[in-house]
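> Have a look at this one before I ask anything.
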Amino acid sequence: MQEIIQTKDGSHSLKSLQFGESYHSIHGAIQESQTVFIDAALMYKATTKEQLKILEIGFGTGLNALMTLIQLQENKSLKIDYTGVEAYPIELKTAAQLNYTHQLGLPDLQPTFMAMHRTKNERITLQDHFYFEKRIEKFESLQVAENYYDIIFYDAFAPAAQPDLWKEPMLSKMYLSLQSGGVLTTYCAKGAVKRCLKSIGFELEALAGPIGKREMTRAIKK
């Protein structure tokens with residue numbers, strides 16, 4: 001179960017009653033998504049490649065997918081194949097109350113946002129050049145093709161809540177699933193996580209974090 005909370009930039013987030021964690025920074029859900037996933041991953045890769053395959057670990061509220069769609073609308077040359085994975089999907093009535101399209105000034109995208117939440121385990125076309133699938137399964141059991149994705153949005157709950165998702169077996173799976181030059185970004189900048197990513201073979205970049213967080217992590221597969 002989750003409860004809706006409002007973050008400091010006016011956008012909603014959820015608090016998981018199961019894990020005791022919020023889905024986004026309390027300083028602003030939209031600003032966190034923009035900084036960590038859109039700017040540091042999507043726009044970073046879009047400078048060199050227009051057809052992008054994205055894997056999101058922790059689909060959650062759907063905010064990252066929505067903001068990815070908005071970027072595609074602004075950059076008509078992009079083509080995106082987006083796979084979101086979520087073990088505990090939120091209820092449709094909860095998704096319908098989230099204020100993202102209103103806060104972003106794009107209320108016409110609300111039906112598309114709800115379509116993201118309604119679909120389960122099937123690939124659909126949300127609009128031209130945006131192909132979308134939401135897989136309902138636990139991350140630990142996820143099977144992914146090797147050398148396939150360009151980008152991974154790693155948005156699982158923090159290591160204190162889901163420690164196994166930040167250890168070598170899961171992070172190695174992410175490494176193998178990326179193409180050479182692929183990028184994984186996460187809000188997490190804990191030393192143990194960064195050391196693990198580096199030991200697997202990632203090249204790390206410490207970037208300025210979103211508001212309220214000094215640092216975030218970009219990991220690149222060379």
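> When Glu56 is evaluated against the numbered criteria (1) in a strand (DSSP E or B); (2) out of contact with any Gly (no Cβ under 7 Å at 6 or more places or on another chain), which criterion, by number, is the only one it fails?
(2)
> Follow-up. Within segment 169-222, which residues are assigned to a strand (DSSP E or B) and more than 21 Å from Tyr148 (Cβ to Cβ)?
Selection gives Leu204, Glu205, Ala206, Leu207, Ala208, Glu215, Met216, Thr217.
> Something else: Taking the options Ala65, Ala95, name whichever one is out of contact with any His (no Cβ under 6 Å at 6 or more places or on another chain), buried (at least 16 other Cβ atoms within 10 Å of the Cβ), in a helix (DSSP H, G or I) and small (Gly, Ala, Ser).
Ala65
> Let me ask you something else. Restrict the check to segment 2-11 and report whether at least one residue is closer than 25 Å to Glu146 by Cβ, assigned to a loop (DSSP other than H, G, I, E, B) and touching a Ser or Thr at 6+ places or on another chain (Cβ under 7 Å).
The answer is no, given that none of the residues of segment 2-11 is closer than 25 Å to Glu146 by Cβ, assigned to a loop (DSSP other than H, G, I, E, B) and touching a Ser or Thr at 6+ places or on another chain (Cβ under 7 Å).
> OK, next. Step by step: first the residues of segment 37-49, then only those that are in contact with an Asp or Glu (Cβ under 8 Å, 6 or more places away or on another chain) and either free of Cβ contacts under 8 Å to residues at least 24 places away in the same chain or in a helix (DSSP H, G or I) (or both), then the one that is farthest from Ile80 (Cα to Cα). Which residue is that?
So the residue we want is Phe37.
> Any residue in segment 138-153 that is out of contact with any Pro (no Cβ under 6 Å at 6 or more places or on another chain) and under 23 Å from Asn99 (Cα atoms)?
The answer is yes, given that some residue of segment 138-153 is out of contact with any Pro (no Cβ under 6 Å at 6 or more places or on another chain) and under 23 Å from Asn99 (Cα atoms).
> Residue under question is Lys213, and the condition is that it be more than 18 Å from Phe139 (Cα to Cα) and surrounded by 13 or more Cβ atoms within 10 Å (Cβ to Cβ); does it hold?
Yes; evaluated as a whole, the condition is true for this residue.
> Go through the residues of segment 152-162 one by one and say whether even a single one is part of a strand (DSSP E or B), at pLDDT 95 or above and of a type in the set (D, E, K, R).
No - not one qualifying residue is present in segment 152-162.
> What do you reckon, is Thr48 surrounded by fewer than 18 Cβ atoms within 10 Å (Cβ to Cβ) and among the hydroxyl-bearing types (Ser, Thr, Tyr)?
When the stated conditions are applied, Thr48 passes them.
> A follow-up question, please. Kindly indicate whether Tyr148 is under 27 Å from Met1 (Cα atoms), surrounded by 13 or more Cβ atoms within 10 Å (Cβ to Cβ) and touching a helix residue (DSSP H, G or I) at 6+ places or on another chain (Cβ under 9 Å).
Against the criterion (under 27 Å from Met1 (Cα atoms), surrounded by 13 or more Cβ atoms within 10 Å (Cβ to Cβ) and touching a helix residue (DSSP H, G or I) at 6+ places or on another chain (Cβ under 9 Å)), Tyr148 does not qualify.
> I need the full set of residues from segment 116-143 which are without any contact (Cβ under 8 Å) to a residue 40 or more places away in the chain and exposed (fewer than 15 other Cβ atoms within 10 Å of the Cβ), in order please.
Of everything in segment 116-143, those that are without any contact (Cβ under 8 Å) to a residue 40 or more places away in the chain and exposed (fewer than 15 other Cβ atoms within 10 Å of the Cβ) turn out to be Arg118, Lys120, Asn121, Glu122, Arg123, Ile124, Thr125, Asp128, Glu140, Ser141, Gln143.
> For segment 207-216, check the following and say yes or no: at least one residue is in contact with a helix residue (DSSP H, G or I) (Cβ under 6 Å, 6 or more places away or on another chain) and closer than 21 Å to Thr83 by Cβ.
No: zero hits.
> Can you tell me which residues in segment 7-23 are buried (at least 22 other Cβ atoms within 10 Å of the Cβ) and touching a Leu at 6+ places or on another chain (Cβ under 7 Å)?
Answer for segment 7-23, where residues must be buried (at least 22 other Cβ atoms within 10 Å of the Cβ) and touching a Leu at 6+ places or on another chain (Cβ under 7 Å): just Tyr23.
The values are calculated or read from the model by the stated rules, or taken from the named source; none is laboratory data. As the structure is a prediction and not an experimental result, all values here were calculated from the model. Cβ coordinates were reconstructed from backbone atoms using ideal geometry, including for glycine residues, and neighbour counts include every protein chain displayed.
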